[in-house]
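For reference, the structure discussed in these notes is given below.
The values are calculated or read from the model by the stated rules, or taken from the named source; none is laboratory data. All values reported here derive from a predicted model rather than from experimental measurement. Counting neighbours? That spans all protein chains shown, and the Cβs are built from the backbone with ideal geometry, glycine included.
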Amino acid sequence: MTRVLINVSGTLYASGIELALKKNGNFRTAVLRSGDPEQVVTACREQGAEVLLLGVTPMPGFTVRERRELIARLRRELPACRLVLIVDDSVSEDVNEDVKTLKQTGVIDAFLFTSAANFSYLSAILQSI
């Protein structure tokens, strides 16, 4: 079973992702709703996360800039953890481009532009990395 830590801001969104992963894949999941980097790093360690699913939103703690800083720290401290960004495709085009660039430059392992309807696709993506 792949251990996945879900770190997105919305309770319903997090629950939908968690349900889809449990239903559609071989995943053991945990959810952390805090955007505090210290809590995210600690949770990754404690959960033994193999994949960290990071939501990107305009909300404090979840912005592209804050996620980029967190990712740099995670790469230093937990280099084996695969990092996946999930972004609502209705967020600004600038955010979408920033996320694409993070993947193109090897900063993250994968990204997904999604809406609540695409959770099954998310499960397939995580199984493939």
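Here are a few things to note about the model shown:
- Residue check, Arg82 among the basic types (Lys, Arg) and touching a strand residue (DSSP E or B) at 6+ places or on another chain (Cβ under 6 Å): yes
- Only a single criterion out of (1) in contact with a strand residue (DSSP E or B) (Cβ under 9 Å, 6 or more places away or on another chain); (2) over 14 Å from Ser9 (Cα atoms); (3) modelled with pLDDT of 95 or more is not satisfied by Val41, namely (1).
- Taking segment 77-107 as the range and being in contact (Cβ under 8 Å) with a residue 40 or more places away in the chain and of a type outside the set (D, E, K, R) as the test, the residues that pass are Val84, Ile86, Val99.
- Residue within segment 63-83 that is surrounded by 19 or more Cβ atoms within 10 Å (Cβ to Cβ) and touching a Ser or Thr at 6+ places or on another chain (Cβ under 8 Å) present: no
- Only one of the numbered conditions (1) within 12 Å of the chain's Cα centre (by Cα); (2) in a helix (DSSP H, G or I); (3) under 22 Å from Met1 (Cα atoms); (4) at pLDDT 90 or above is violated by Val99, and that is (3).
- Residues that are free of Cβ contacts under 8 Å to residues at least 60 places away in the same chain, within 19 Å of Ile108 (Cα to Cα) and of a type in the set (D, E, K, R) number at least 1 in the following strands (runs of 3 or more DSSP E) confined to segment 2-76: 2-7.
- Filtered residues of segment 1-15 (kept if crowded, with 17+ Cβ neighbours inside 10 Å and either over 21 Å from Asp98 (Cβ atoms) or of a type in the set (A, V, I, L, M) (or both)): Val4, Leu5, Ile6, Val8, Ala14
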